[in-house]
Ligand code: UDP
């Protein structure tokens, strides 16, 4: 199959690239390298099945050969990254999404939107089901990401209705693993970097807020199952193993054999208090569920961070 992955130089996108190449697919990546990193594609760039184009999907898109599946993963994705790029985040979720949907329409391609648990905002329903409509403050700093993704979901649904584009919406919950950007400010990358350096592990707020962490290989298999299915979604993809941020800190400090002290800092505006996916739909419709245990996934991630720090 011919696969286009917009945002394929990012953390999740690059793993998706590798998995499709391993399956024997021909893969093209469009990425403007705003937050993506070319070195995430080092392995892919060695294969003849792969091509990379430095493309901003908000600009007119270059010609492509015929495409069977388009994945739209192009967006800053960590809170630090999107809060630093508010207008860029809104543009890629709106204009960028439109351009990719037009491309899917002209190619009669399957279109998979990487949406997010952030569409639920600070959720009042727990765990979050796909029927929950969310609790987003439309003008807060975080809204640039939440509303861009909500607009992208609305656009995707409208292209399906109006132009019969074969679309799917994946609502992706917190994902971690090797290739996390060490500087993107996310909970797992911050805590591992801090614990390995022996510096303070920074917990924002009380640490009682929860997240549910999914290992990247589980997320990749979910996205591929969704692409191969004939389902529109929206469908939650994530690991329902819910933990407090304090617990995540303690596990990482222990797994790194670190003496780092915990330091409590201010909670960012509108930081969701609880987040856990209800994955009933994914289980029944995709026959998918995550298999990686949190401690084992963190060990693999820590190992990757350790190798990064070794002198070349
Ligand atoms: N967090 C934290 N310390 C950090 C980074 C993040 O306590 O150094 C918290 C953050 O406030 C949030 C959770 O960890 O409650 C997850 O944050 P992340 O930025 O990874 O993603 P989010 O789930 O908020 O999109």
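The values are calculated or read from the model by the stated rules, or taken from the named source; none is laboratory data. This structure is a prediction, so every number in the text was calculated from the model and none was measured. FYI the Cβ positions are ideal-geometry reconstructions off the backbone, even for glycines, and counts take in every protein chain you see.
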**Prompt:** Which condition number does residue 109 fail, the rest of (1) more than 21 Å from the chain's Cα centre (by Cα); (2) buried (at least 22 other Cβ atoms within 10 Å of the Cβ); (3) within 11 Å of the ligand (Cβ to nearest atom) being met?
**Reply:** (3)
**Asked** Looking at region 12-52, which of its residues are surrounded by fewer than 21 Cβ atoms within 10 Å (Cβ to Cβ) and in a loop (DSSP other than H, G, I, E, B)?
**Response** 23, 24, 25, 32, 33, 34, 37, 46, 47, 48, 49
**Fill in**
Filtering region 203-213 for residues that are surrounded by 15 or more Cβ atoms within 10 Å (Cβ to Cβ) and either near the ligand (Cβ under 6 Å from one of its atoms) or over 22 Å from the mean Cα position of the chain (by Cα) (or both) leaves a count of 6
**Asked** Do any helices (runs of 4 or more DSSP H) lying entirely in region 228-312 carry at least 3 residues that are modelled with pLDDT of 95 or more and away from the ligand (no atom under 14 Å from the Cβ), and which ones are they?
**Response** 280-286, 294-309
**Prompt:** Going by the conditions given, is residue 117 within 12 Å of the ligand (Cβ to nearest atom) and at pLDDT 95 or above?
**Reply:** yes
**Prompt:** Does residue 174 fit the bill of being within 11 Å of the ligand (Cβ to nearest atom) and either free of Cβ contacts under 8 Å to residues at least 60 places away in the same chain or in contact with a helix residue (DSSP H, G or I) (Cβ under 9 Å, 6 or more places away or on another chain) (or both)?
**Reply:** yes
**Request:** Could you tell me which residue of region 122-145 is nearest to residue 242 (Cα to Cα), considering only residues that are buried (at least 16 other Cβ atoms within 10 Å of the Cβ) and out of contact with any helix residue (DSSP H, G or I) (no Cβ under 8 Å at 6 or more places or on another chain)?
**Result:** 127
**Item:** All positions within region 138-156 that are touching a strand residue (DSSP E or B) at 6+ places or on another chain (Cβ under 7 Å) and away from the ligand (no atom under 13 Å from the Cβ)
**Value:** 152, 153, 156
**Request:** Filter region 185-201 down to residues that are surrounded by fewer than 19 Cβ atoms within 10 Å (Cβ to Cβ) and within 8 Å of the ligand (Cβ to nearest atom), then give me how many there are.
**Result:** 1
**Prompt:** In the set 81, 9, 74, which member is closer than 27 Å to residue 121 by Cβ and either part of a loop (DSSP other than H, G, I, E, B) or over 19 Å from the mean Cα position of the chain (by Cα) (or both)?
**Reply:** 74
**Message:** Going residue by residue through region 264-281, is there one that turns out to be touching a residue at least 12 places away in the same chain (Cβ under 8 Å), more than 25 Å from residue 136 (Cβ to Cβ) and surrounded by 15 or more Cβ atoms within 10 Å (Cβ to Cβ)?
**Reply:** no
**Request:** For residue 159, work out the one condition from (1) surrounded by 15 or more Cβ atoms within 10 Å (Cβ to Cβ); (2) within 26 Å of residue 87 (Cα to Cα); (3) more than 8 Å from the ligand (Cβ to nearest atom); (4) touching a residue at least 60 places away in the same chain (Cβ under 8 Å) it doesn't fulfil.
**Result:** (4)
**Message:** Being more than 16 Å from residue 70 (Cα to Cα) and within 20 Å of the chain's Cα centre (by Cα) is the filter here; which residues of region 12-41 pass it?
**Reply:** 32, 33, 34, 35, 36, 37, 38, 39, 40, 41
